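The values are calculated or read from the model by the stated rules, or taken from the named source; none is laboratory data. Note that the structure is a prediction, hence the values are computed from the model and not measured. Here the Cβ positions follow ideal geometry from the backbone for every residue, glycine too, while neighbour counts run over all protein chains shown.
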Amino acid sequence: MTQFQDEIETWQEYLIPANRSVYDHVIIDSQAENIQDSIEGKFVADLEKRDDVQLFVKLPNWFTVPTPVGEYNPDWAIIMEDRDEHGEAVGKPLLYLIRETKGTTNLDELRPDERRKILCGKKHFNQALGVDYEVNIERVL
């Protein structure tokens, strides 16, 4: 007889295997009956299919950007090989992208505080750092 129950692993249902991520699995925090069908699950699947994606990471909760309306935590950082209009590598440095995955591309459908943080994040990454930033839902990049 033991004093402790067996360990229960409830977090595994939020993991998706990934080959192009810095980790072998990605933690998904989107809500869906099947995690593969969630917004973030589809986003990861699309990233995995692209051969121009070199590396991606779901940014941890501690990675925040200070904004005038509070701390902002973007969803994804992506490193891609730059390609021309024919899909050929152009030999330029890699592209660095920040992506936010939401259930809508219409920012007016988000909570006001979330919308303001996303708008501040866009200015921070696009204008201050020159990093490509977008809110995505239907398309990956």
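Taken over segment 71-92, residues that are exposed (fewer than 14 other Cβ atoms within 10 Å of the Cβ), closer than 17 Å to residue 125 by Cβ and either polar (S, T, N, Q) or out of contact with any strand residue (DSSP E or B) (no Cβ under 8 Å at 6 or more places or on another chain) (or both) amount to 0. Within segment 116-131, the set of residues being outside any helix (DSSP H, G or I) and either among the β-branched types (Val, Ile, Thr) or surrounded by 14 or more Cβ atoms within 10 Å (Cβ to Cβ) (or both) comprises 131 only. Within segment 23-65, the residues that satisfy the criterion of being exposed (fewer than 15 other Cβ atoms within 10 Å of the Cβ) and part of a strand (DSSP E or B) are 25, 27, 54, 55. In segment 66-115, counting only strands (runs of 3 or more DSSP E) that sit wholly within it, the ones holding 2 or more residues that are under 20 Å from residue 52 (Cα atoms) span 76-80, 95-101. Taking first residues from segment 31-53 that are under 14 Å from residue 79 (Cα atoms) and modelled with pLDDT of 75 or more and partners that are surrounded by 15 or more Cβ atoms within 10 Å (Cβ to Cβ) and of a type in the set (S, T, N, Q), the Cβ contacts under 9 Å between residues at least 6 apart in sequence or on separate chains come to 44/21; 47/21; 48/21. Residues in segment 69-127 that are among the small types (Gly, Ala, Ser) and without any contact (Cβ under 8 Å) to a residue 60 or more places away in the chain: 70, 77, 87, 89, 91, 121. When residue 48 is tested against the conditions (1) among the charged types (D, E, K, R); (2) within 17 Å of residue 96 (Cα to Cα); (3) over 13 Å from the mean Cα position of the chain (by Cα), the lone failure is (3).
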